[in-house]
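These notes concern the structure reproduced below.
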């Protein structure tokens, strides 16, 4: 299993994208708003697409209600 740390920026005006930072962590720019779990769903889809894994394998381990999240897949 892989574990990554992601800083989420919901409500981005541009298309959703995932960028790796110099420290190895990621920043996710999400078009979806942080309302009713929409941003978390969009983050899981984005991470699954980026790492070419099934959406069902991506799990938010910590930070479900925070901008700083730890994901496992």
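So here's what we get for this one:
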| item | result |
| --- | --- |
| Test: residue in region 40-47 that is at pLDDT 95 or above, at positive phi and either outside any loop (DSSP other than H, G, I, E, B) or in contact with a strand residue (DSSP E or B) (Cβ under 8 Å, 6 or more places away or on another chain) (or both) | no |
| Leading residue by the ranking (surrounded by the most Cβ atoms within 10 Å (Cβ to Cβ)) among those in region 16-33 that are in a loop (DSSP other than H, G, I, E, B) and touching a helix residue (DSSP H, G or I) at 6+ places or on another chain (Cβ under 8 Å) | 32 |
| Residues within region 48-73 that are surrounded by 15 or more Cβ atoms within 10 Å (Cβ to Cβ), part of a loop (DSSP other than H, G, I, E, B) and touching a residue at least 40 places away in the same chain (Cβ under 8 Å), tallied | 1 |
| From the options 15, 71, residue that is more than 15 Å from residue 1 (Cβ to Cβ) and either within 8 Å of the chain's Cα centre (by Cα) or modelled with pLDDT under 95 (or both) | 15 |
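The values are calculated or read from the model by the stated rules, or taken from the named source; none is laboratory data. Bear in mind the structure is a predicted one, so any value in this text is a computation, not a measurement. No Cβ is skipped: glycine too gets one built from the backbone with ideal geometry, and neighbour counts run over all protein chains shown.
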